[in-house]
Every structure is written in structure tokens, then in C-alpha cells.
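Novice: Sending over a structure as C-alpha cells; questions will come in a sec.
The values are calculated or read from the model by the stated rules, or taken from the named source; none is laboratory data. Fair warning: this is a prediction, and the values are worked out from it, not measured in the lab. Glycine also receives a Cβ, built like all others from the backbone with ideal geometry; neighbour counts cover every protein chain displayed. Heavy atoms of the whole protein, side chains included, go into the accessibility calculation; ligands, DNA and RNA do not. Shrake-Rupley method; radii C 1.70, N 1.55, O 1.52, S 1.80 Å.
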Amino acid sequence: MRLREWDPGLAPEAELRLWLDAYNEALTADLPHDPLWGMTSLRGYLSVTMPGQRRFSWIVEEDDTGGGTAPLLGVGTLLLLEGMGVIEIVVVPKARRQGVGRTLLAAAARRALREGIRQLGVEVIGGTTAVDFYEQHGFRWAYVEMRSLLDLRTVDWDHLRDMADGVVTGYYVEYHQGGLPESILNAYAEAKEQRRLTPPGDLELRPSSYSADRLRSSIATLRARGLHPHIVLAVHESTGWVAGLTEVVVPAQHPTRADQYDTIVRPEFNGLGLGRALKARMLLELRDAEPQLREVQTWHATENEQLQQVNDELGFRADHEWREYDADADELTKLLSDVPT
Ligand SMILES: CC(C)(COP(=O)(O)OP(=O)(O)OC[C@H]1O[C@@H](n2cnc3c(N)ncnc32)[C@H](O)[C@@H]1OP(=O)(O)O)[C@@H](O)C(=O)NCCC(=O)NCCS
């Protein structure tokens, strides 16, 4: 096998297709009910990062490709953000247990160290081979979330309408897609700051701070990666504060399944049913704005009972555990010192 550092921003279209084929093969084996990915905006998805972040990518090919393009054996990335490195490694099913994963892991750990980063994290899907792989390499289990799925065919839309209408007086709700108006950015950033103060959560979505500027670039980044944002927010009329918000993105790579990102209700406005009303309104808006959509997926801490209750009422069903593991890049490179560079 041959490891090659790879730049998805400049790679020929044919190589992007090979990446896609490898990813979809793994998806079919490990998460057979997930929609396969397509090529739309794939280059942007794989190459664009938030300002201040950097992503390194590698591919593993067969030694002798006969001069042409052969299917990939595995792909890997290291995303550097906020003083840590987030690893993602996928090996095609027929090439597993032959050291491809180790080769990619060694490349990522060595690069992290070279860039001065020791803390490594990875999101591991419960019930897949990745659990054994990372535990075998000394990764420690840090945190667990549950992925839940909502099949839009099962939604009781009348009930949802009642839930969405249940906004207490003194608040109004707005829906935006593609971005946010300038006038609301500061208040929105302030509400998002609450989320930052209550980690942990999705590794890639954990910023150091929120500001209108950061939000602007975050929305621009989402769009450049093919992730179309939809936002529902509640404004507290007398103060102008954003009391709560919920965000969904519809990825161009798999537009039938949306990702529910943050749902935040500022602590001052807890207990008013805002989270429930916002999420219900979001689904109603998505039905009109994204008619191809079939499912919405969301991740939440298993101990977050309040959110769990809202999700249950909306019809979300628990699907897979998503575990976050971490490791020290220095220890890992020592453990993998036998892997050729
Ligand atoms: C996890 C993964 C990257 C491992 O890749 P791999 O190339 O098979 O790993 P390696 O051959 O380098 O394995 C190195 C060591 O890890 C451990 N390991 C790997 N897979 C294992 C498994 N299924 N069971 C037990 N141990 C395992 C073993 O110790 C192995 O060494 P050994 O084969 O000498 O016993 C691969 O299984 C994978 O891509 N899984 C996909 C998971 C996923 O996230 N899918 C959904 C999104 S597409």
C-alpha cells in the first residue's frame, strides 16, 4: 500500500470520485441505513475550513495501480482547531485488518506533533470496528452522545403545528435560511455564547468564542462546504435578546438527510417551552423549503433529559451511540513507531 498526502482543493475530479466511492463503501458496511453521499460540493466540503483551522488529508492507494486510477484503500484527515487535532479515518471494508488504518493514524499523529498539537480527538460510531481500533491504540473514552433520527413520514404535522404555535406572549419567532440578517447577528452571537459555556459537544463545532464576525465567517464556511443553513430563533420583545435558537443544515452531499445542530435556550428563558416550539417550527419550515428531505438527524448528550423529551415528542428515535475519544499525539507516535513514514 502507498500513503499519499492529498489536497482535496486541488485534486483532479477523478480522485474526488475515488474518495467518494471509498467513503460510500464504508458507509454501506457500517451504517447501511444512512444515505450515500454524492459529488455535489464535495470538493468544498473536504477542503474549506473555518478561519484559523487547518485540515490535512491523506489517501492510501494500492502499490501498483498500473498507471491508472485504482480504488482507494482508505482515507484520513486531521483537522487542527483550538489547540487540538480531530482525526477521521475510513478504510474500505475489503482492505481492513491489513494495517491501512494504522498507517493513516500514524500520519495524522505525526503531523499533529509537527504542528505542535498533542491533544487528539476522534468521534467513533458505537457498534463499528472503529471502537476496537481506537481503544487498541490507547484512545480514552471522553464523552458519549446519542444520534437520533426523525423519519419525516412519521411526523404528526397537526400536532407539530400546535407545538410551534405554543410560543408564550412577549416573544416572536423568526425563520431564516442561507444566513442571518445583519441586524440580528450580535444578539444571536450572544445567545450562542451560552452553548460554548456548556461543553462538551460536537468536536468540530466547538469554537473558542462567538461574535458577529465569527458567525458571518461560520455561515460563509458552511455554505462553501455545501451545508445549507436553516435557522429559527425566538426574540424576547422587551429586551431584543435572542432567547432561543435552533439550527439545521441540509448537506448538498446527502440532501435527503439534514443535520440538526445546536438548539439553545438561554438559561433566563428556560421552562417556557421555547425549545419545543422552535424545533417544531423548524420542521414545518423544512417541509416547505427542502421538499426532498426525508430525515433529520441530531446528536445529544444522553443525560440531557429535557432535550430528550422534546425529541421524543417530535418523533426522533435513538439510533447509534457517538463516542468521543481522546489521545496524546506523543504517546501515539511512540506506539506507532514501527509504521513506516
Ligand atoms: C476503524 C478502521 C479505520 C480500522 O482500519 P483498519 O485498516 O482495519 O485497521 P488496522 O488494520 O490498521 O488495525 C490495526 C489494529 O487495530 C485493531 N483493530 C482494527 N479493527 C479491529 C476490529 N474490527 N476488531 C478488533 N480490533 C481491531 C487491531 O488491534 C488491529 O491490529 P491487528 O489486525 O494486527 O490485530 C476501519 O475499520 C474503518 O474504516 N471503520 C469504519 C468505521 C466508520 O466510522 N464507519 C462509518 C463512517 S464511513
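Novice: Restricting attention to region 301-320, which residues are in contact with a Gly (Cβ under 9 Å, 6 or more places away or on another chain) and either part of a strand (DSSP E or B) or closer than 14 Å to ALA280 by Cα (or both)?
Specialist: The answer is ALA301, LEU307, VAL310, HIS320.
Novice: Only one of LEU42, LEU46, LEU20, LEU72 is touching a Ser or Thr at 6+ places or on another chain (Cβ under 9 Å) and either modelled with pLDDT of 95 or more or open to solvent by 40 Å² or more (accessible area, probe 1.4 Å) (or both). Can you tell me which?
Specialist: That would be LEU46, the only listed residue that is touching a Ser or Thr at 6+ places or on another chain (Cβ under 9 Å) and either modelled with pLDDT of 95 or more or open to solvent by 40 Å² or more (accessible area, probe 1.4 Å) (or both).
Novice: Can you name the residue in region 117-145 that is within 9 Å of the ligand (Cβ to nearest atom) and of a type in the set (Phe, Trp, Tyr) and, of all such residues, is most open to solvent (accessible area, probe 1.4 Å)?
Specialist: Filtering first and then ranking leaves PHE133.
Novice: Only one of (1) open to solvent by 10 Å² or more (accessible area, probe 1.4 Å); (2) of a type outside the set (Gly, Ala, Ser); (3) farther than 26 Å from VAL122 by Cβ is not met by LEU278, so which one is it?
Specialist: Result: LEU278 passes all but (1).
Novice: Consider ARG323 carefully, then state whether it is of a type in the set (Lys, Arg), in a helix (DSSP H, G or I) and surrounded by 15 or more Cβ atoms within 10 Å (Cβ to Cβ).
Specialist: no
Novice: Then there is this: Out of the residues in region 67-111 that are outside any loop (DSSP other than H, G, I, E, B) and among the hydroxyl-bearing types (Ser, Thr, Tyr), which is farthest from the ligand (Cβ to nearest atom)?
Specialist: If we take residues in region 67-111 being outside any loop (DSSP other than H, G, I, E, B) and among the hydroxyl-bearing types (Ser, Thr, Tyr), then THR77 is farthest from the ligand (Cβ to nearest atom).
Novice: Is there any pair linking a residue in region 96-112 that is free of Cβ contacts under 8 Å to residues at least 12 places away in the same chain to one that is within 9 Å of the ligand (Cβ to nearest atom) and part of a helix (DSSP H, G or I), with Cβ under 9 Å and at least six apart or on different chains, and which?
Specialist: So the pair list comes out as ARG97/THR129.
Novice: Go through region 211-225 and count every residue that is buried (at least 20 other Cβ atoms within 10 Å of the Cβ) and not in a helix (DSSP H, G or I).
Specialist: 1
Novice: Of the numbered conditions (1) open to solvent by 10 Å² or more (accessible area, probe 1.4 Å); (2) more than 23 Å from ASP156 (Cα to Cα); (3) outside any loop (DSSP other than H, G, I, E, B), VAL235 satisfies every one except a single condition; which is it?
Specialist: Every listed condition holds for VAL235 apart from (1).
Novice: Something else about it: Looking for whichever is assigned to a helix (DSSP H, G or I), more than 30 Å from ARG216 (Cβ to Cβ), of a type outside the set (Val, Ile, Thr) and within 12 Å of the ligand (Cβ to nearest atom) here; the options are ALA14, ALA29. Which one fits?
Specialist: After ruling out the rest, the residue left standing is ALA29.
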